Structures are given as structure tokens and as C-alpha cells.
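> I have a structure here, written as C-alpha cells, and I will follow up with some questions on it.
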Amino acid sequence: VVEAYKRGLRPAVGYELNPWLLCLSHYRAWKAGYHGKVSFLKKDLWKVNLSDCHNVIVFLAPSVKPPLAAKLLAELPDEARVVAGRFPFPSWTPSSTLGQGLEQVWAYDMKEVRRAAGSSTEGSQV
């Protein structure tokens, strides 16, 4: 969230349910000098409406990616970009990638993800 803020993304908000990770996030933002500029909220990502988000950055396990992909497809606008750290979305083709190994990230443009999803379902019709 701090890095997103540094790169000009506003607002920069993180959602976390684990109270220890939430405290750690607040502490790291404060230590980096970004207290009051970024937000970390104790909210369930599955219950948050993401329809007004244009940049989403996720660091989640591979097992969570398929249901998250469905949520993002349903809620994000076409102009949105999703960046996944450590693990890619298995059924999406990234617009770009950066880094390698544990430091690799995949970027997805929702308009392109939807276009690819639409073309793959069209080809499967009988």
C-alpha cells in the first residue's frame, strides 16, 4: 500500500482481517513516514465492494485466486488494473510481468482479461 502511494495511486487502502498483520502494516507505514497518507482497514476483502477501484494489488495464496478472479471480474471497471504478487492468476493472461521468483509480479488489465474470457467462452459454445 505504501509503495502504491509512492507511485501516485490515490487513495491507497489496504484490507486485512488479521489483527497482527494490520498492526504491522500501520507500524511500517508510520516508520516509512506515510502515517495518515495511507489507510489499512480491518475488513473482509470478500465483503468489500471494489467497483470504484481502478488499481488492485493482491498478495494471496494460489488457492484463493480462482474465487478472487470471479469477484474482480464481477466488480472492477474495465479501466482497472490488477497486480498480483508472488502468484499469478492461473486463468488470466498478464498484460506485463516484472521481476522473478518471490519478487515477481503480474499485471492484468481488466478490459483485456474480459476480452480473453469472452473469446474463450465463445469458442466453447455448441
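The values are calculated or read from the model by the stated rules, or taken from the named source; none is laboratory data. Nothing here was measured: the structure is a model prediction, and the numbers come from that model. So basically every Cβ, Gly included, is an ideal-geometry build from the backbone, and we count neighbours across all protein chains shown. Heavy atoms of the whole protein, side chains included, go into the accessibility calculation; ligands, DNA and RNA do not. Shrake-Rupley method; radii C 1.70, N 1.55, O 1.52, S 1.80 Å.
> Need at least 2 residues that are in the same structural domain as residue 93 (by the TED database) and out of contact with any Phe, Trp or Tyr (no Cβ under 6 Å at 6 or more places or on another chain) per element, so show me which strands (runs of 3 or more DSSP E) inside region 4-80 make the cut, counting only ones lying wholly within it.
Passing ranges, in order: 55-58.
> Which of the residues that make up region 66-85 are under 18 Å from residue 14 (Cβ atoms), in contact (Cβ under 8 Å) with a residue 24 or more places away in the chain and of a type outside the set (Asp, Glu)? Before the answer, list the steps.
First pass over region 66-85, keeping only residues under 18 Å from residue 14 (Cβ atoms): 68, 71-72, 75-76, 80-85.
The next check asks that each one be in contact (Cβ under 8 Å) with a residue 24 or more places away in the chain; those that pass are 71-72, 75-76, 80-85.
Result: 71, 72, 76, 80, 81, 82, 83, 84, 85.
> Moving to a separate point now. Any idea which of (1) closer than 21 Å to residue 5 by Cβ; (2) open to solvent by 60 Å² or more (accessible area, probe 1.4 Å) is the one residue 48 doesn't satisfy?
Condition (2) is where residue 48 drops out.
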